[in-house]
Structures are given as structure tokens and as C-alpha cells.
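Each remark here refers to the structure printed beneath this line.
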Amino acid sequence: MRRPAALSPIALALGAIILAPGAGAREEGPTEIEKCQTISNPGSYKLVNNLVAPTTTDPFVPCLFITANFVTIDLAGFSIDAGGGTGILSTGAQVLHGLAVRNGSISKLVHRAVENSHRRTLGA
């Protein structure tokens with residue numbers, strides 16, 4: 001009859017691990033964007049500072065190049081200096097869907113703020 005008493009601490013420890021809120025779970029926030037880059041995975045992204053696109057004579061060289069559907073970019077009050085080109089360019093085998101850009105500004109445009117490669121303007 002001593003075995004149940006010996007198993008009690010183990011059972012209590014396992015129960016505490018299983019019932020502990022957030023045990024082993026980690027909520028992930030948006031992926032942070034620190035520099036101009038290609039975004040190739042769906043998800044949420046957030047600027048952590050102002051961005052400046054590379055200087056070029058090609059108006060289709062963007063600061064952010066998006067190749068995935070369902071991308072949300074929170075500019076978080078920051079801005080993208082398009083450097084005389086396109087701030088955000090999205091492209092894929094077909095027209096991309098589910099692109100959202102909010103909470104900031106895109107400036108110094110010669111072309112468009114947000115453009116998809118099939119020439120359907122998403123924002124200006």
C-alpha cells in the first residue's frame with residue numbers, strides 16, 4: 001500500500017506541468033522587418049525602423065518584394081523611402097491575394113507605393 005503514496009508526488013508534478021497555463025507554449029508576434037528584403041512566407045510582419053530602398057533608375061526595384069499570398073505588413077508608424085521607385089512590389093506565378101499594408105507611409109515615389117507585377121495597383 002506504500003506504492004500509491006510514492007506515486008503521488010510524481011502524479012502531482014505531471015498534473016502541474018499539464019495544467020500550467022502556457023507551459024511550453026509561446027505566442028509569436030509578427031516577424032520584425034529591419035531592412036529592405038524579400039518576403040516569401042505568408043504571415044504578419046512589422047517594421048521596427050524607417051526603411052530606405054536601394055537607389056536605382058529602375059522604378060520596379062522595391063524596398064519590400066513580396067512573393068507570398070496573405071501577407072500583412074504593419075508599418076508601425078514608420079515610413080518607407082521608395083528612393084524614386086516602388087515601395088512594395090508583389091509578384092507570383094499568378095496575382096497574389098491577401099496583401100495588407102497599414103499604419104505608416106511610403107514616400108519618394110516615381111511609380112507606385114504598392115504594386116503587383118500584373119499591374120493591378122493595390123494602393124497609391
Could you rank the peptides 70-79, 32-41 by their average count of other C-beta atoms within 10 Å per residue, with the highest value first?
70-79, 32-41
In whole Hz, with x marking every Gly and Pro, tabulate ³J(HN,Hα) for region 83-90 from phi via Karplus 6.51 cos²θ - 1.76 cosθ + 1.60, θ = phi - 60°.
x, x, x, 10, x, 9, 10, 10
Spelling it out for I106: with amide H atoms placed in the peptide plane at 1.01 Å from N, the residues 5 or more places away or on another chain with amide H under 5 Å from its amide H are I80
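All of the numbers you see were taken from the coordinates with simple rules; none came from a lab. Because the structure is a prediction, the values reported are computed rather than measured. Cβ: placed from backbone, ideal geometry, glycine included. Neighbour counts: every protein chain shown.
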